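Notes follow once the structure below has been shown.
The values are calculated or read from the model by the stated rules, or taken from the named source; none is laboratory data. Fair warning: this is a prediction, and the values are worked out from it, not measured in the lab. All Cβ positions, even for glycine, are placed from backbone atoms using ideal geometry, and neighbour counts span all protein chains on display. With ligands, DNA and RNA removed, areas are computed over all heavy atoms of the protein, side chains included. Shrake-Rupley method; radii C 1.70, N 1.55, O 1.52, S 1.80 Å.
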Amino acid sequence: DTEVTQTPKHLVMGMTNKKSLKCEQHMGHRAMYWYKQKAKKPPELMFVYSYEKLSINESVPSRFSPECPNSSLLNLHLHALQPEDSALYLCASSPMGLAGTNEQFFGPGTRLTVL
Amino acid sequence: AQSVTQLDSHVSVSEGTPVLLRCNYSSSYSPSLFWYVQHPNKGLQLLLKYTSAATLVKGINGFEAEFKKSETSFHLTKPSAHMSDAAEYFCVVSHPSGSARQLTFGSGTQLTVLP
């Protein structure tokens, strides 16, 4: 299985809602990533998990809360979002280690709209 | 520090003609370089990667790229464009950050293929 899956594909939420995005991979990768991508822009890194521990938080607002329950799953919990948080949210995974190329494998993304 | 410059924000070609998407990089390390493609409302798909072995790298769908250290370039080419090649293309450099690897994205090149 060489796929990263993300659910849901689309999500519409109000500013007072709580929702979660889910990402799953079964490639044995021990690094997982959340990105935010606005239209016509490259992805922006939000969080990195290494061996299920948060290793990088790119100064993301606390209304985004990541969670890595196990080595295959990555969640992004959303609460009290703003309309400017509307974007495509991408999950990725990669093998660990400083050597080698370790390219990242991306999921199809969740299109989030905040009303 | 790492950086990537994609020299053209938009490239337009006719179907059946060659494609050239230009990328220059800057890296403190021996770089790992990638080209990713993103079709509308989709995730990113790896086209090819440079692994410090062969300087001419072949990827999927007939694309290839040549690593030129003296020019710090990693241009993407395809001999004959197909309508299905219309998409956004990102040149990416990978670098270690703690125990995972971070990606630095170029700003992207939108490829249009005319019938």
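Residues that are within 15 Å of residue A:103 (Cα to Cα) and of a type in the set (Phe, Trp, Tyr): does the range B:55-67 have at least one?
no
Right, residue A:45: within 20 Å of residue A:9 (Cβ to Cβ), in a strand (DSSP E or B) and touching a Leu at 6+ places or on another chain (Cβ under 8 Å) or not?
Numbers: within 20 Å of residue A:9 (Cβ to Cβ): no; in a strand (DSSP E or B): yes; touching a Leu at 6+ places or on another chain (Cβ under 8 Å): yes.
The answer is no for residue A:45.
Looking only at residues that are touching a Ser or Thr at 6+ places or on another chain (Cβ under 9 Å) and basic (Lys, Arg) in the range B:8-50, which one is farthest from the other protein chains (Cβ to nearest Cβ)? Break it down into steps so the answer makes sense when it comes.
Pass one, the range B:8-50, residues touching a Ser or Thr at 6+ places or on another chain (Cβ under 9 Å): B:8-13, B:15-27, B:30-34, B:39, B:49-50.
From what's left, basic (Lys, Arg): B:22, B:49.
Values: B:22: 16, B:49: 5 Å.
This residue is B:22.
Considering each of A:44, A:67, A:3 in turn, give the residue that is without any contact (Cβ under 8 Å) to a residue 12 or more places away in the chain, surrounded by fewer than 19 Cβ atoms within 10 Å (Cβ to Cβ) and of a type in the set (Asp, Glu). Even if it seems obvious, please write down each step before you answer.
Numbers: A:44 fails: without any contact (Cβ under 8 Å) to a residue 12 or more places away in the chain; A:3 fails: without any contact (Cβ under 8 Å) to a residue 12 or more places away in the chain.
Just a single option satisfies the conditions, and that option is A:67.
Is it fair to say residue B:80 is in contact with a Ser or Thr (Cβ under 9 Å, 6 or more places away or on another chain), within 11 Å of chain A (Cβ to nearest Cβ), outside any helix (DSSP H, G or I) and touching a residue at least 60 places away in the same chain (Cβ under 8 Å)?
Working: in contact with a Ser or Thr (Cβ under 9 Å, 6 or more places away or on another chain): yes; within 11 Å of chain A (Cβ to nearest Cβ): no; outside any helix (DSSP H, G or I): yes; touching a residue at least 60 places away in the same chain (Cβ under 8 Å): yes.
No.
On the given criteria, is residue A:33 open to solvent by less than 60 Å² (accessible area, probe 1.4 Å), part of a strand (DSSP E or B) and either in contact with a helix residue (DSSP H, G or I) (Cβ under 8 Å, 6 or more places away or on another chain) or facing another protein chain (nearest Cβ under 10 Å) (or both)? Let's see the steps before the verdict.
Details: open to solvent by less than 60 Å² (accessible area, probe 1.4 Å): yes; part of a strand (DSSP E or B): yes; either in contact with a helix residue (DSSP H, G or I) (Cβ under 8 Å, 6 or more places away or on another chain) or facing another protein chain (nearest Cβ under 10 Å) (or both): yes.
Yes; evaluated as a whole, the condition is true for this residue.
Could you check the range B:86-109 and list, in sequence order, the residues that are open to solvent by 10 Å² or more (accessible area, probe 1.4 Å) and either charged (D, E, K, R) or within 8 Å of chain A (Cβ to nearest Cβ) (or both)? Give the steps one after another, and end with the answer.
First pass over the range B:86-109, keeping only residues open to solvent by 10 Å² or more (accessible area, probe 1.4 Å): B:86, B:88, B:95-99, B:101-105, B:107.
If the condition is that a residue be open to solvent by 10 Å² or more (accessible area, probe 1.4 Å) and either charged (D, E, K, R) or within 8 Å of chain A (Cβ to nearest Cβ) (or both), then B:88, B:96, B:97, B:98, B:99, B:101, B:102, B:103, B:105, B:107 are the ones that fit.
Across the range B:12-52, what is the total count of residues that are among the small types (Gly, Ala, Ser) and buried (at least 16 other Cβ atoms within 10 Å of the Cβ)?
Looking only at the range B:12-52, we keep the residues that are among the small types (Gly, Ala, Ser), and these are B:12, B:14, B:16, B:26-28, B:30, B:32, B:43, B:52.
Subset that is buried (at least 16 other Cβ atoms within 10 Å of the Cβ): B:27, B:32, B:43.
Looking only at that region, the number is 3.
Of these, A:73, A:81, which one is open to solvent by 10 Å² or more (accessible area, probe 1.4 Å), of a type in the set (A, V, I, L, M) and more than 14 Å from chain B (Cβ to nearest Cβ)? Can you show your working first?
Values: A:81 fails: open to solvent by 10 Å² or more (accessible area, probe 1.4 Å).
Selected residue: A:73, the only one of A:73, A:81 that is open to solvent by 10 Å² or more (accessible area, probe 1.4 Å), of a type in the set (A, V, I, L, M) and more than 14 Å from chain B (Cβ to nearest Cβ).
Given (1) more than 22 Å from residue A:83 (Cβ to Cβ); (2) open to solvent by 40 Å² or more (accessible area, probe 1.4 Å); (3) not basic (Lys, Arg), identify the lone condition not met by residue A:23.
(2)
Does residue B:65 qualify as being in a loop (DSSP other than H, G, I, E, B), at pLDDT 95 or above, open to solvent by less than 50 Å² (accessible area, probe 1.4 Å) and not acidic (Asp, Glu)? Break it down stepwise before answering.
Numbers: in a loop (DSSP other than H, G, I, E, B): no; at pLDDT 95 or above: yes; open to solvent by less than 50 Å² (accessible area, probe 1.4 Å): yes; not acidic (Asp, Glu): yes.
No.
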